[in-house]
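To start, the structure itself, in structure tokens.
The values are calculated or read from the model by the stated rules, or taken from the named source; none is laboratory data. Because the structure is predicted, anything quoted here is derived from the model rather than measured. Cβ coordinates were reconstructed from backbone atoms using ideal geometry, including for glycine residues, and neighbour counts include every protein chain displayed.
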């Protein structure tokens with residue numbers, strides 16, 4: 001029983017530390033397409049996580065807020081997919097203290113949090 005309690009405590013700490021690194025980021029879509037799925041991956045790796053939009057559609061010229069758990073990594077890649085699965089990949093996004101990411105067909109522009 002003691003081992004089970006220690007395991008539960010450990011898992012709770014891991015979960016809470018992950019949530020502590022999560023932050024709310026606004027994504028502004030100027031990509032020219034409606035984005036049906038939005039994924040991130042550590043820069044240069046094909047380890048796309050789960051869909052940040054969670055079933056929402058981010059229409060062109062609109063914005064939405066997502067929870068992004070960047071952890072200790074600063075550089076990320078992001079991909080947005082349209083209704084047919086075609087998409088755009090934005091590479092090398094520095095998310096250090098980022099509040100807003102504006103995407104267009106070529107690049108992603110980041111605005112920092114005000115301190």
Checking residue 90 against (1) crowded, with 16+ Cβ neighbours inside 10 Å; (2) at pLDDT below 90, which test does it fail?
(2)
Inter-residue pairs, beta-carbon under 6 Å, first over 17 Å from residue 38 (Cβ atoms) and in region 94-115, second outside any strand (DSSP E or B) and at pLDDT 85 or above, 6+ apart
94/74; 96/74; 112/97; 113/97
Restricting the search to region 47-84, which residues are over 9 Å from the mean Cα position of the chain (by Cα), in a strand (DSSP E or B) and over 15 Å from residue 102 (Cα atoms)?
75, 81
Which ones in region 32-46 are surrounded by fewer than 18 Cβ atoms within 10 Å (Cβ to Cβ) and assigned to a loop (DSSP other than H, G, I, E, B)?
32, 34, 43, 44, 45, 46
Here is a list of conditions, (1) at pLDDT below 95; (2) closer than 23 Å to residue 113 by Cβ, and residue 38 meets all of them except one; can you say which number that is?
(1)
What number goes with the only condition from (1) surrounded by 14 or more Cβ atoms within 10 Å (Cβ to Cβ); (2) closer than 12 Å to residue 34 by Cα that residue 60 does not pass?
(1)
